[in-house]
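Peer 1: My questions all concern the structure below.
The values are calculated or read from the model by the stated rules, or taken from the named source; none is laboratory data. Computed from a prediction, not measured in an experiment: that's the story for all the values here. A quick note on method: Cβ atoms are made from the backbone with ideal geometry, for glycine too, and the neighbour counts reach across all protein chains shown.
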Ligand code: NAD
């Protein structure tokens, strides 16, 4: 592995997937700290364009924000990366369950072809660093908890496979060109603007509408949930910290909780009126996830600060505001 390098503060960043859940929070955080941001998004069809436009509304208030509606897998990217010191690559086709069957082509296009296309442009431009949003899904059903980055990845879904391939592409570029890549394995992210296909969003909306909540599995499955502002802080830190090019980090909130615990919190937020039914598990869903974040704590100063109950309340209130 090459020598570790600390980088100067980010001045001009490219954020891909800037209209998405996490990308929009990251964009606003950078803008608020005086960073010039070029944001890219193609409004792919995983959920409504109207929510993505709403996600972008705050960022568009800033003169230092430049939005470019380009599909990374097809568009001309050299101009986009020109003059940029950091690329935050969050654009992707996310979600485990939807990645089977005919949808696979979209995952290959938006997760692999787009990443390769972007890395080519970054290598040509000599952009110093690219931070890549990877996923806990690369582990599949881990054998040891908490799971360290040394565990052998074994994705259990086409989505996880494409995210792992993206990491491998980053590594290949860092070894062969003068590009520093950092891959961050996000563990189930939640908070306001969470994607409508994600569990907290679905459960909370059903609760608010007085409809039954359908849980796939027995509800005892566990996840390491991570609040979005904690992900944003670590993603920004990965842009400047002294990390070995091509390195990989787990980012998990640090408290492993079952879906039944989550449902208990939502029940409390909804005044005790939650009706839950349990259904069969879905292909690709793993039983448990739990991140060992020692490496991120040491190198990125990762220190998740928002608890499950506090973060869930913020997401619930955001959804209540959307509905009323
Ligand atoms: P999101 O769908 O809300 O945001 C992704 C954005 O990327 C969307 O707005 C989409 O339109 C855009 N996009 C997709 N393909 C594109 C392309 N070819 N060109 C330009 N834009 C494109 O998803 P999210 O939940 O915010 O996830 C952001 C990143 O974090 C993704 O890379 C995802 O794989 C990763 N991740 C998310 C989670 C989570 O819990 N949300 C967990 C692990 C990893």
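Peer 1: Out of the residues in the range 38-69 that are buried (at least 17 other Cβ atoms within 10 Å of the Cβ) and under 18 Å from residue 122 (Cα atoms), which is farthest from the ligand (Cβ to nearest atom)?
Peer 2: It comes out as 38.
Peer 1: Test each condition in (1) under 30 Å from residue 6 (Cα atoms); (2) part of a strand (DSSP E or B) for residue 231 and report the one that comes out false.
Peer 2: (2)
Peer 1: Considering only residues of the range 264-274 that are touching a residue at least 40 places away in the same chain (Cβ under 8 Å) and not in a helix (DSSP H, G or I), which is surrounded by the most Cβ atoms within 10 Å (Cβ to Cβ)?
Peer 2: Our first condition is that a residue be touching a residue at least 40 places away in the same chain (Cβ under 8 Å); within the range 264-274, this holds for 265-267, 269-270, 273-274.
After this cut, where a residue has to be not in a helix (DSSP H, G or I) as well, the list is 270, 273-274.
On the way: 270: 17, 273: 9, 274: 21.
Ranking the qualifying residues of the range 264-274, first place goes to 274.
Peer 1: Moving on. Within the range 130-161, can you find the residues that are buried (at least 24 other Cβ atoms within 10 Å of the Cβ) and either farther than 20 Å from residue 287 by Cα or away from the ligand (no atom under 12 Å from the Cβ) (or both)?
Peer 2: 130, 131, 132, 133
Peer 1: List the number of the failed condition for residue 106; all other conditions in (1) out of contact with any helix residue (DSSP H, G or I) (no Cβ under 6 Å at 6 or more places or on another chain); (2) within 16 Å of residue 15 (Cβ to Cβ) hold.
Peer 2: Of (1) out of contact with any helix residue (DSSP H, G or I) (no Cβ under 6 Å at 6 or more places or on another chain); (2) within 16 Å of residue 15 (Cβ to Cβ), only one is false for residue 106: (2).
Peer 1: Hey, among 223, 260, which residue is over 25 Å from residue 153 (Cα atoms) and touching a residue at least 24 places away in the same chain (Cβ under 8 Å)?
Peer 2: 260
Peer 1: What helices (runs of 4 or more DSSP H), lying completely within the range 1-82, carry at least 1 residues that are over 20 Å from residue 117 (Cα atoms)?
Peer 2: Counting at least 1 such residues, we get 21-32, 49-56.
Peer 1: Next question, about the same structure. Can you tell me which residue is nearest to the ligand (Cβ to nearest atom) among those in the range 118-129 that are modelled with pLDDT of 95 or more and crowded, with 17+ Cβ neighbours inside 10 Å?
Peer 2: Of everything passing the filter in the range 118-129, 118 is nearest to the ligand (Cβ to nearest atom).
Peer 1: Take the residues in the range 25-37 that are within 27 Å of residue 298 (Cα to Cα) and within 16 Å of the ligand (Cβ to nearest atom); name whichever of them is surrounded by the most Cβ atoms within 10 Å (Cβ to Cβ).
Peer 2: 27
Peer 1: Next question, about the same structure. Specify which of the listed residues (243, 215) is over 19 Å from residue 307 (Cβ atoms), in contact with a strand residue (DSSP E or B) (Cβ under 6 Å, 6 or more places away or on another chain) and crowded, with 24+ Cβ neighbours inside 10 Å.
Peer 2: 243
Peer 1: Condition first: modelled with pLDDT under 95, assigned to a strand (DSSP E or B) and within 29 Å of residue 55 (Cα to Cα). Can you find one or more residues in the range 246-263 that meet it?
Peer 2: yes
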